[in-house]
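Any read-out appearing in this document is the output of simple, stated calculations on the displayed coordinates, not a laboratory observation. Since we're looking at a predicted model, the values are computed, not measured. Here the Cβ positions follow ideal geometry from the backbone for every residue, glycine too, while neighbour counts run over all protein chains shown.
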């Protein structure tokens, strides 16, 4: 990104010199005019950077859950959230319900997917977790995996849902 910015700045300066004829008549160039033009271009670049920042922010998923904001008190949800497949198996064998919903209507499968814990998700699915369950915002576990940047887990879950 830094190289792109530098390249853009150099291109703008070269273009300026070309358009004003300064490249061939450097002795006739007015340095004050050049400095003014560069300042104007710096201002335009700053405005463009701000607009790019706004566009990047708008492109990010609007509903991005972060793991640190999830209250995961029930042990099964906690184990799924942490990506502990052996603990998940143990809790299920002790009677934990894989369809229990926690915060925001999320199941253990949602929490495992949100953290990209594919092995844990597979354990939950093999134990009867509902792959089509929706959280309170209408999202599946695959949706949460994708939103949180876990493309492999999202693909795995989408394949299992058919």
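At-a-glance table
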| item | result |
| --- | --- |
| Calculated P(r) of segment 79-162 - Cα pairs past 18 Å, % | 30 percent |
| Rounded FRET efficiency, nearest 0.05, which uses the C-beta distance separating residue 49 from residue 155 and R0 of 35 Å | 0.50 |
| Segment 67-160: relative contact order as a whole-number percent, Cα under 8 Å and 6+ apart | 26 percent |
| Length released on extending from residue 126 to residue 82, taking residue separation times 0.36 nm less the Cα-Cα span | 14.0 nm |
